[in-house]
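What follows draws every value from the coordinates through simple rules; no lab data is involved. Just so it is clear, the model here is predicted, and its values are computed rather than measured. Because the Cβ atoms are built from the backbone with ideal geometry, glycine has one as well, and the counts that use them run over all protein chains shown.
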Amino acid sequence: MDQDSNTVAETSLPCVKCGNTARLQCPKCLELKLPQEGAAFCSQDCFKALWSSHKSVHLNSEVHTFRGNPQECITAALSKGWLYCLKKGQARTKQLPYFDWTGTLRPYPISGQRFVPDRIPKPDWAVDGIPKIEPVSDLQNIVEIKTPEQIERMRKTCRIAREVLDVAARAIKPGVTTDEIDELVHNATIAAGAYPSPLNYHFFPKSCCTSVNEVICHGIPDARRLEDGDIVNVDVTVYYDGVHGDLNETYFVGNVDEESQQLVRCTYECLENAISIVKPGVRFREVGEVINRHASMSKLSVVKSYCGHGIGELFHCAPNIPHYGKNKAVGVMKAGQTFTIEPMINSGVWRDRMWPDGWTAVTADGKRSAQFEHTLLVTETGVEVLTARLPSSPNVFPW
Ligand code: MF3
Ligand code: CO
Ligand code: CO
């Protein structure tokens, strides 16, 4: 993700996210000479909050630019590491693109796009990769209070998501490829009558995210085999009965060194501590304070570019919930809201970089990163963890 956006020169454009006067301009939009409307933001927080939907503006414009000349299109896509996007997940570039790799992990080939039967109800990006309702919905600005009927659907969907993640968890061992994990997730999701929400979301080519070692989040499942000593996060989101349920966990592959075990455990505790403060009246910005306090105690750092989010009929919506301290998140929690908390904690620096594939977020220093995520419901008295572990969940954490 681009960290820094440029200052807008004396215009009074409204912020695309919140409507306040904009002071920042997306640097990529400037570079691509895209219209300033739709690229102006009042703050880094609003820019970051909208990033996952905003970045597809860049991709769409480049796809348009090269459309009509297939060779030029493919050459341009290759140089940008986007071939798998345009060809819907068939391959990554054969030759590694030039990149100042931050750690030892490298991309491997990506398998072809998996099939979803016609009988599975799909979100609106399933066919062409572009979410249509989500980016323009009022629910990007106002935090919805779910009805009892919506809450019941969220419970069912989140339980399916948990059961699908548990299928992945049981398969983690040295020698398994992350593509095989993705296949298990895909098939278990469809067997439950659900759609794997990541599949084709802003052109994401696979059905879950698998983030190994220095990958912070949004790792693309590929042909690399898990190695003894790796850590791997699996992030599952399913769409069922019109709503999404989102969770992730970080697993140990074989025998993992003490430092990585502490990283994963501390990250788990960061999420637990954050959940423990959730109840009506608590400010969303408090979540980041709790997580930052616990991570700094162990001299670990908190990722800033990716945040927790509202969830329901939309995959990502308001509220935006930063995990870092001194954040400027707006609003207080109310009974009936559903959102995720999903802290990403690093062994070294907090800064992230993006691989040329446009998805894989890695630590800037190549050190390891861990993450845990739950979908939560604010209740009258506190919180219900909709994606909570089940009696049947595999016992994969030693604490
Ligand atoms: N599940 C991720 C989250 O926690 C989002 C993945 S979007 C994808 O918000 F496109 F990368 F799959
Ligand atoms: Co999430
Ligand atoms: Co997730």
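When the helix-only estimate is applied to the chain (DSSP H runs of n ≥ 4, each -39,500 (n - 2.57), divided by the residue count), what is the mean residue ellipticity at 222 nm, nearest 500 deg cm²/dmol? Walk me through the numbers on the way to the answer.
Values: 9 runs with 117 residues, N = 399.
Helices in the chain give a 222 nm mean residue ellipticity of -9500 deg cm²/dmol.
What percentages make up the Cα-Cα pair-distance distribution of the chain when the bins are 20 Å wide from 0?
For the chain, the binned pair fractions read 28, 63, 9 percent.
Quick one: what Rg and Dmax do you get for segment 123-277 from the alpha carbons, in Å?
Rg and Dmax of segment 123-277, Cα atoms, are 16.5, 47 Å.
Along its principal axes, what span do the Cα atoms of segment 286-363 show, with the longest given first and each in whole Å?
Cα extents, longest axis first: 37, 34, 17 Å.
What is the distance in Å between the Cα centres of segment 305-368 and segment 216-230?
20 Å
Quick one: Cα centre-to-centre distance for segment 245-277 and segment 156-213, in angstrom?
Each part's Cα centre sits 18 Å from the other's.
Taking Rh as the Kirkwood radius computed over C-alpha pairs, what is the Stokes-Einstein D of segment 327-399 at 4 °C in a medium of viscosity 1.567 mPa s, expressed in µm² per second? Before the final figure, lay out the partial values.
On the way: Rh = 15.4 Å.
Stokes-Einstein gives a translational diffusion coefficient of 84 µm²/s.
For a protection proxy built on the mean count of beta-carbon atoms within 10 angstrom, sort 352-364, 212-224 highest first, please.
Details: 352-364: 21.5, 212-224: 23.8.
Ranking the peptides 352-364, 212-224 by packing returns 212-224, 352-364.
Do any trypsin sites (Lys or Arg not before Pro) in segment 234-303 lie in a loop, going by DSSP, with at most 16 other beta-carbon atoms within 10 Å of their beta carbon, and if so which? Present the calculation step by step, with values, prior to reporting the outcome.
Working: sites: R265, R283, R285, R293, K299; in loops: K299.
Of the trypsin sites (Lys or Arg not before Pro), the ones in loops of segment 234-303 whose Cβ has at most 16 other Cβ atoms within 10 Å are K299.
List the GluC sites (Glu not before Pro) within segment 297-399 that DSSP assigns to loop and that have no more than 11 neighbouring Cβ atoms inside 10 Å. Numbers along the way, then the final one.
Values: sites: E313, E373, E380, E384; in loops: E313, E380.
Those that pass, being in a loop and sparsely packed, are E380.
Quick one: net charge around V362, please, counting Lys, Arg +1 and Asp, Glu -1 for every other residue with C-beta under 9 Å from its C-beta.
On the way: positive: R353; negative: E214, D352.
Value of the local net charge: -1.
Would you calculate the separation in nanometres between label points at I145 and E37, each defined as 7 Å from the Cα along the Cα-to-beta-carbon direction?
The modelled label-to-label distance comes out at 3.5 nm.
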